[in-house]
1. Keeping all protein chains in place, calculate the accessible area per residue for region 156-212 (probe 1.4 angstrom), answer in Å².
2. Let's see if you can work this out: charge +1 on each Lys and Arg Cβ, -1 on each Asp and Glu Cβ, no other charges. What is the dipole magnitude of the chain about its Cα centre, in debye to the nearest 20?
3. Please report, as a whole percent, how much of the solvent-accessible surface of the chain comes from carbon and sulfur atoms (probe radius 1.4 Å).
4. To the nearest 10 square angstrom, what accessible area does Arg238 show with a 1.4 Å probe?
5. Tell me the net charge near Glu190. Cut-off is 14 Å between Cβ atoms, Glu190 excluded, with +1 for each Lys or Arg and -1 for each Asp or Glu.
6. How much of Arg302 can a 1.4 Å solvent probe reach, expressed as accessible area in Å² and rounded to 10?
7. Which percent, nearest 5, of DSSP beta bridges in the chain are antiparallel?
8. Treating only the Cβ of Lys, Arg, Asp and Glu as charged (+1, +1, -1, -1), what charge dipole size does region 25-150 show about its Cα centre? Round to the nearest 20 debye.
Amino acid sequence: MEELATGAQALALLTLVHERGWTGFLAEPRGLDQLAAFSRLPVDRVANVVGALEALGFVEQHDGQVRLSPAYAELSADDAMTDLGNVLDRAELMIRLVREAAEDEGDVRLGDAEALTIAKVVGGRPTPVTQAVFQHLYAEVPEYADAVRDGRLLDVGCGVAGATLASASMFPNMRAVAIELVPAVAAEAENRAKNLGVADRVEVRCMDARDFDERDAFDACFWAQPFFPEPFRAGTLRMIWGALKPGALLMIQEMESEPQDEAQRVPFALRRLVYEGQRVPFAPTAEQLVAEAEAAGLVPHRMVPTNFGRIVLMRRPEEG
């Protein structure tokens with residue numbers, strides 16, 4: 001119980017100091033007196049806060065100067081793939097969702113703002129770091145990269161369109177349609193496309209993916225399967241089959257796998273509780289994803305082990 005309580009206390013402290021601007025202020029070395037003036041707290045209180053943050057690995061002290069530790073400095077950088085504030089917001093949200101999943105027999109439901117919080121963390125931000133991540137991924141699946149580079153991409157369950165926008169920045173001839181069900185999340189994706197100057201090539205549609213009716217039109221598709229509840233999945237895959245050109249590729253990512261590390265078993269079990277509380281299949285294996293897509297008429301192309309989990313590539317048959 002003490003360990004659990006300590007984790008909750010640490011999250012509360014990190015959230016507070018980030019909200020109060022310490023993260024940005026400590027990007028450069030600061031003395032305790034400077035930090036006291038910035039925070040408007042007594043120096044002895046600041047020293048205690050810094051001591052707790054140092055124990056958490058959030059800051060380091062050298063020669064009387066305090067600054068962010070390298071790991072948190074990287075997470076807080078302007079070009080970080082994920083914003084630290086969004087990560088902290090999602091951590092707070094997951095506490096509520098775990099409780100809701102355990103105390104209510106109904107489905108766990110997300111409001112628009114909550115869905116946006118999760119989408120921002122999962123989708124990341126369109127930065128050079130994000131592009132570097134996708135360059136590495138595309139090197140693992142060159143046939144998919146070739147299909148996207150000068151073709152049309154369908155992003156099904158795009159969230160804030162992190163993958164599509166990174167790809168559009170890398171491939172100036174790529175065109176895409178990104179489908180998102182939640183209005184607030186779709187609006188964020190659309191704003192990001194405009195800010196990146198790719199809105200003329202990336203169209204965001206706010207709709208149920210099952211209702212998308214453009215057929216035989218796309219060279220590749222990415223399906224964000226971890227966010228699709230069971231009742232939506234078969235119909236979405238049938239839509240994808242029809243939207244792809246004959247022979248075109250579908251990419252699906254195995255997002256979770258049974259942890260081998262004992263330390264990961266608790267977070268894995270808690271995520272399962274929340275996901276299945278939303279009627280979303282949790283941690284389907286690559287083999288199960290293949291079978292699911294085959295049931296919709298797609299055929300296996302290949303399965304690729306990567307640092308991002310196993311990637312499943314499926315094809316719409318050339319005929320049929």
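The values are calculated or read from the model by the stated rules, or taken from the named source; none is laboratory data. Values in this document were obtained by computation on a predicted structure and should not be read as measured data. Every residue, glycine as well, gets a Cβ built from its backbone with ideal geometry; the counts of neighbours run over all protein chains shown. Ligands, DNA and RNA are stripped out before the accessible areas are found, and what is left, the full protein with its side chains, is counted by its heavy atoms. Shrake-Rupley method; radii C 1.70, N 1.55, O 1.52, S 1.80 Å.
1. Working: 2210 Å² over 57 residues.
Using a 1.4 Å probe on heavy atoms only, each residue of region 156-212 averages 39 Å².
2. Details: 31 positive and 50 negative charges, 108 e Å.
I would put it at about 520 debye.
3. On the way: 8240 of 16000 Å².
Roughly 51 percent of what the probe reaches on the chain is carbon or sulfur.
4. Per-residue accessible area (Arg238): approximately 150 Å².
5. Values: positive: Arg192, Lys194, Arg201, Arg205; negative: Asp155, Glu180, Glu188, Asp200, Glu203.
Taking every other residue near Glu190 into account, the sum is -1.
6. Roll a 1.4 Å probe over it and Arg302 shows about 90 Å².
7. Numbers: 18 of 38 bridges.
Once the DSSP bridges in the chain are tallied, antiparallel ones form about 45 percent.
8. Values: 11 positive and 23 negative charges, 91 e Å.
I would put it at about 440 debye.
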